[in-house]
Structure formats: C-alpha cells, structure tokens
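What follows is a short report on a single structure.
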Amino acid sequence: MSKKPNILIFMVDQLNGTLFPDGPAKWLHTPNLDKLAAKSARFAKNYTSSPLCAPARASFMSGQLPSRTGVYDNAAEFPSSVPTYAHHLRSAGYYTCLSGKMHFVGADQLHGFEERLTTDVYPPDFGWTPDYRKPGERIEWWYHNLGSVTGAGVAEITNQLEYDDEVAFNACQKIRNLSRRIDDRPWALTVSFTHPHDPYVARKKYWDLYEDCAHLEPEISQIPFEDQDEHSKRLFLANDYTHPTPKPECFGVI
C-alpha cells in the first residue's frame with residue numbers, strides 16, 4: 001500500500017472567522033466546529049485572495065493571485081492552462097475527485113480532477129459578464145438586493161440546501177467506496193458546499209437556536225445613505241438598497 005496520506009478538503013462559501021471557536025462570537029452553537037478545532041492546526045491570520053467566489057476558488061486551487069490567473073470576477077474564465085493542486089496531485093500518483101461547487105467558468109469543468117460527482121450549482125457560461133460600456137447600469141437578475149435580508153428565515157429545503165445534501169451524500173458514498181476498492185493509489189477528495197452563502201435561510205432546528213438572541217442586536221445604528229463615503233454609496237446603489245423595502249426590525253431598529 002502507498003504510504004502517501006489520503007487528503008480530504010472541505011470548502012464552504014462565505015464562511016468567516018467570526019464563526020470559529022476562537023473567534024469573537026463565543027456564544028454561537030458550533031459543536032462540530034469545536035470538535036474539529038480541538039484537534040486541528042489553525043491559522044488565525046489567514047485571508048482570502050478575493051471576496052468573490054470564482055476568483056477565490058481559482059486562487060485556492062492554483063496558489064496564484066487573481067492578477068495571475070485572470071479570474072478577476074465571477075464571470076471570468078479559469079484558463080485550462082493554469083495548473084491546480086489537482087493536476088499536481090495526479091502527477092504524484094493520486095486519484096483526485098470533486099463533490100460540489102467550484103464555479104469554474106468555461107468549458108473545463110475538471111481542472112485536474114479525475115472525477116466529478118456532482119454538477120455545479122451555478123452555470124459555467126459567460127452570462128454574468130457585465131456590459132462595461134454602462135458602468136452605472138444595474139443588472140437586475142444578477143446583482144444582489146435587500147432580498148437577501150428580507151428573505152432570511154426558516155426553510156426546510158431550498159435548491160441550495162438540497163444541493164449541499166447531495167454533495168455530502170455523494171462524498172460519503174465515495175469515501176466508503178474508496179475504502180473498499182483494490183487500488184494502490186492514495187486519494188484526494190474535495191468536498192465543496194455552497195452554504196453559508198445567501199439566501200440566508202436555515203432549517204428550523206438551527207434557526208430556533210438564535211431566537212431572541214441578544215448577541216444579534218446591532219452595536220452600531222444604521223448609517224444614513226447620505227452620510228456614507230462615495231464608494232459605499234456606489235455599493236448601496238449597485239445592490240438596489242431600497243428594494244425590497246425592509247422592515248425596521250430587519251436592521252434591529254425597533
């Protein structure tokens with residue numbers, strides 16, 4: 001048998017350090033993260049290369065900044081010419097497999113993975129490319145709005161929750177099969193979930209953990225639009241901040 005270790009990589013979308021056991025929110029209910037953290041090496045000062053999904057994932061896979069990969073936004077193609085950790089691991093004799101989201105834009109939906117267990121949750125085409133001749137124009141079906149706030153709540157199932165369930169199921173089945181197969185190769189399995197990306201919904205048993213939670217009350221009151229700096233105003237407008245109109249309690253203003 002090979003002495004090379006098997007590698008299991010978990011990825012999630014939009015998770016930040018606040019949610020970890022040594023973060024500022026120690027009141028969170030995170031028993032599984034607590035168990036994982038207790039036996040893990042953790043990096044307190046670790047930063048993403050980009051706040052956007054596709055550029056950050058391309059950087060994670062390639063070890064290069066968006067300025068080198070050319071993946072500068074969620075509509076930019078990840079070139080097949082850029083080698084990834086999946087390519088390097090396959091060269092080292094590993095079986096490489098992906099279950100879940102990677103948001104690869106372009107024809108190459110593997111980027112070095114030998115097998116992919118699920119489709120992606122987002123389309124791989126160039127439909128999200130903005131018209132750069134109209135920098136002030138808002139793309140209604142693409143840009144976010146306050147629906148992410150007003151639509152937050154309880155949901156037992158959504159397309160994204162269902163997708164993550166499928167990702168986990170396929171990953172578990174693959175690990176069971178890998179443990180039974182007659183193959184000398186070590187394996188590297190990447191399991192990538194779309195949550196906690198918005199829409200901000202949760203199953204009732206999790207949502208109820210934070211019912212009437214005083215820690216969720218805002219420490220700073222809402223800053224009026226006219227008092228924002230110019231860049232923040234641009235972001236507010238790009239996100240159509242007045243539609244849909246939120247109720248005052250959405251911002252903790254009662």
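The values are calculated or read from the model by the stated rules, or taken from the named source; none is laboratory data. Only a predicted model underlies this, so the values are computations on that prediction, with no experimental measurement involved. For neighbour counting, all protein chains shown are included, and Cβ atoms are generated from backbone atoms with ideal geometry for every residue, glycine included. Just the protein is used for accessible areas: all its heavy atoms, side chains included, with ligands, DNA and RNA removed. Shrake-Rupley method; radii C 1.70, N 1.55, O 1.52, S 1.80 Å.
Given the stretch 4-141, what count of lysine pairs have C-alpha atoms under 22 Å apart, with each pair 8 or more places apart or on different chains?
Step by step, the pairs that qualify in the stretch 4-141 add up to 5.
Show me, for the stretch 32-39, the HN-Hα J-couplings you get by feeding each phi into the Karplus relation (A = 6.51, B = -1.76, C = 1.60, θ = phi - 60°), rounded to Hz, glycine and proline as x.
Residue by residue, the stretch 32-39 yields 6, 5, 4, 5, 5, 5, 5, 10 Hz.
What is the helix-to-structure angle for 159-180, meaning the angle in degrees between its Cα long axis and the longest Cα principal axis of the chain, kept from 0 to 90 and rounded to the nearest 10?
20
Using the Karplus curve 6.51 cos²θ - 1.76 cosθ + 1.60 with θ = phi - 60°, work out ³J(HN,Hα) for each residue of the stretch 80-86 in order, rounded to whole Hz, and write x for Gly and Pro.
Computed from phi, the couplings for the stretch 80-86 are 5, 6, 8, x, 10, 4, 5 Hz.
Per-residue counts of other Cβ atoms within 10 Å, averaged by peptide: what ranking do you get for 35-45, 78-88, highest first?
Put in order of decreasing packing, that is 78-88, 35-45.
Whose amide H sits under 5 Å from the amide H of Gly112, counting only residues 5 or more places off or on another chain, with H placed in the peptide plane?
Sorted by chain and number, the residues that satisfy this come to none at all.
Taking H as built 1.01 Å from N, whose amide H comes closer than 5 Å to the amide H of Ile7, not counting residues under 5 places away?
Trp187, Ala188, Leu189
So what are the ³J(HN,Hα) numbers for the stretch 201-215, from phi and the Karplus equation (6.51, -1.76, 1.60; θ = phi - 60°), rounded to whole Hz, Gly and Pro as x?
Residue by residue, the stretch 201-215 yields 10, 8, 5, 4, 5, 8, 4, 5, 4, 10, 5, 6, 7, 5, 5 Hz.
Quick one: with all protein chains in place, what share of the accessible area of the chain is carbon or sulfur, to the nearest percent (1.4 Å probe)?
In the chain, the share of accessible area belonging to carbon and sulfur is 57 percent.
Over the chain, with a Gaussian network built from C-alpha contacts below 10 Å, which listed residue (Gln173, Gln160, Gln109) shows the highest mean-square fluctuation?
Maximum fluctuation in the GNM of the chain, among the listed residues, is at Gln173.
Please compute the net charge surrounding His195, taking Lys and Arg as +1 and Asp and Glu as -1 over other residues with Cβ under 13 Å from its Cβ.
For residues surrounding His195, the net value is -4.
Cα to Cα, under 19 Å, and not fewer than 8 places away if on the same chain: which aspartates and glutamates meet these conditions relative to Lys233?
Glu137, Glu140
Excluding Ala107 itself, what net charge comes from residues whose Cβ is under 11 Å from its Cβ, given Lys and Arg +1 and Asp and Glu -1?
Once all neighbours under 11 Å are counted, the net charge is -3.
Could you give the angle, 0 to 90 degrees to the nearest 10, between helix 53-62's Cα long axis and the longest principal axis of the Cα atoms of the chain?
Helix 53-62 sits at roughly 30 degrees to that axis.
Determine the per residue accessible area of the stretch 172-237 with all protein chains present and a 1.4 angstrom probe, expressed in square angstrom.
For the stretch 172-237, the per-residue accessible area is 73 Å².
Just one of (i) 29; (ii) 35; (iii) 18 is percent of Cα pairs over 33 Å apart calculated from these coordinates, so which is it?
Correct label, based on the coordinates given: (i).
Find the relative contact order for the stretch 99-192 and round it to a whole percent, using C-alpha pairs within less than 8 Å whose residues are 6+ positions apart.
Relative contact order comes out at 41 percent.
Any chance you could tell me what percent of the C-alpha pair distances in the stretch 107-254 go past 26 Å?
Of all Cα-Cα distances in the stretch 107-254, 50 percent exceed 26 Å.
Amide H neighbours of Val201 under 5 Å, counting only residues 5+ apart in sequence or on other chains, H built in-plane at 1.01 Å?
Gly153
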